[in-house]
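Student: I'd like to ask you about the structure that follows.
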Amino acid sequence: MINDTLFDQTADLMREIAETLILPRFRSLNDADITEKSGPGDLVTIADQEAELALTPRLMDLLPGSVVVGEEAVSADGSVLERLSEDAPVWLVDPVDGTANFVRGESNFAVMVALVVKGETRGAWIFAPVENRMAMAAPGAGAFLEGRRLQTNRSVKFQDAYGDYSSKYMAEPYRSLLNDCLRTVRGARQGHCSAYAYLDTARGELDFVLQYMMNPWDHAAGELLVSEAGGASRFLDDATVYRPIVQPHRPMLTIGDAAQWTTFAERLKP
């Protein structure tokens, strides 16, 4: 099902959509091009909507019998998420991850696609349009950025680590705990883009990522990318490994050095 041709065709499609529908809107949006979904700050743009509409049928054409679960489709109809529990292969699509950054004219946004088969991520793609760089990963085959194999940072102590986190939607006591813990590391940023958090961890620019909202399109591609580069993603409450299924929101720690996950987690647990 997953072969080099499919990987390349998916990457080419994502590049095309970014070039034709996303980048022309970058720093060119007007007020009518931006709306709110669930509430203030939950933004969607015409670029998100047009890109997902264009990707959906063409991804299904690449793999006959597959279906798509896209962020904007789920926003319009929550029952779309049920496709993840069915037998057909599922394309998870986040057409513009980091929409708020995109709206502000900041370059850290990306297109994310993952192919999920029976609850397991079998292919991952993250395309950073402004960088014009494509990251891809498959189980057991490694993670690559423009053909260069990725490797995470290893053997970084907690106090020397630099990370990415999002406290906007994080529930207590984790929000307060996280703010306290982050005073003991080298530093942390709030990048507001899961794609870049995972990409930068996979290429060794970050040491850890802590997130709370478990929308599957935000994590499936990035989790596989980091895992194949030497890292791990697990939930803080029970240390279970991330899977691209419908599940409740809860804190998840991704770390570049898989061997140190427990050490870092112990410093971050309430």
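Student: Would you check which residues across region 163-177 are in contact (Cβ under 8 Å) with a residue 12 or more places away in the chain, out of contact with any Phe, Trp or Tyr (no Cβ under 6 Å at 6 or more places or on another chain) and surrounded by 14 or more Cβ atoms within 10 Å (Cβ to Cβ) and list them?
Tutor: ASP164, TYR165, SER166, SER167, TYR174, LEU177
Per-residue answers, yes or no, for (1) of a type in the set (A, V, I, L, M, F, W, C); (2) farther than 21 Å from MET136 by Cβ:
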site: ASP4; (1), (2): no, no
site: LEU13; (1), (2): yes, no
site: ARG25; (1), (2): no, yes
site: ASP42; (1), (2): no, yes
site: GLU50; (1), (2): no, yes
site: THR56; (1), (2): no, no
site: SER75; (1), (2): no, yes
site: PRO89; (1), (2): no, no
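Student: I'm told ALA128 meets every condition in (1) touching a residue at least 40 places away in the same chain (Cβ under 8 Å); (2) on the phi > 0 side of the Ramachandran plot except one. Can you identify the failing condition by its number?
Tutor: (2)
Student: Specify the residue that is farthest from VAL116 (Cα to Cα); the eligible residues are those in region 198-231 that are of a type in the set (A, V, I, L, M) and out of contact with any strand residue (DSSP E or B) (no Cβ under 6 Å at 6 or more places or on another chain).
Tutor: In this case the residue turns out to be MET213.
Student: Given the criterion over 17 Å from TYR196 (Cβ atoms) and aromatic (Phe, Trp, Tyr), identify the matching residue among TRP261, TRP217.
Tutor: Checking each option against the conditions leaves just TRP261.
Student: Looking at (1) in contact with a helix residue (DSSP H, G or I) (Cβ under 7 Å, 6 or more places away or on another chain); (2) modelled with pLDDT of 95 or more; (3) farther than 28 Å from SER227 by Cα, which is the one condition that is false for LYS37?
Tutor: (2)
Student: If I ask for residues that are in a strand (DSSP E or B) and either of a type in the set (Lys, Arg) or open to solvent by less than 20 Å² (accessible area, probe 1.4 Å) (or both), which ones from region 125-137 would you list?
Tutor: Listed by number, the residues that qualify are TRP125, ILE126, PHE127, ALA128, ARG133, MET134, ALA135, ALA137.
Student: Could you look through region 1-40, keep only residues that are among the hydroxyl-bearing types (Ser, Thr, Tyr) and under 22 Å from CYS193 (Cα atoms), and pick out the one that is surrounded by the most Cβ atoms within 10 Å (Cβ to Cβ)?
Tutor: The residue in question is THR10.
Student: If you don't mind, there's one more thing I want to ask. So for region 178-188 (the condition being free of Cβ contacts under 8 Å to residues at least 12 places away in the same chain and farther than 19 Å from ALA114 by Cα), does at least one residue qualify?
Tutor: The answer is yes, given that some residue of region 178-188 is free of Cβ contacts under 8 Å to residues at least 12 places away in the same chain and farther than 19 Å from ALA114 by Cα.
The values are calculated or read from the model by the stated rules, or taken from the named source; none is laboratory data. This is a predicted model, so every value here is computed, not measured. Backbone-built Cβ (ideal geometry, glycine too); neighbour counts: all protein chains shown. Please note that ligands, DNA and RNA were not included when accessible areas were found on the heavy atoms of the full protein model with its side chains. Shrake-Rupley method; radii C 1.70, N 1.55, O 1.52, S 1.80 Å.
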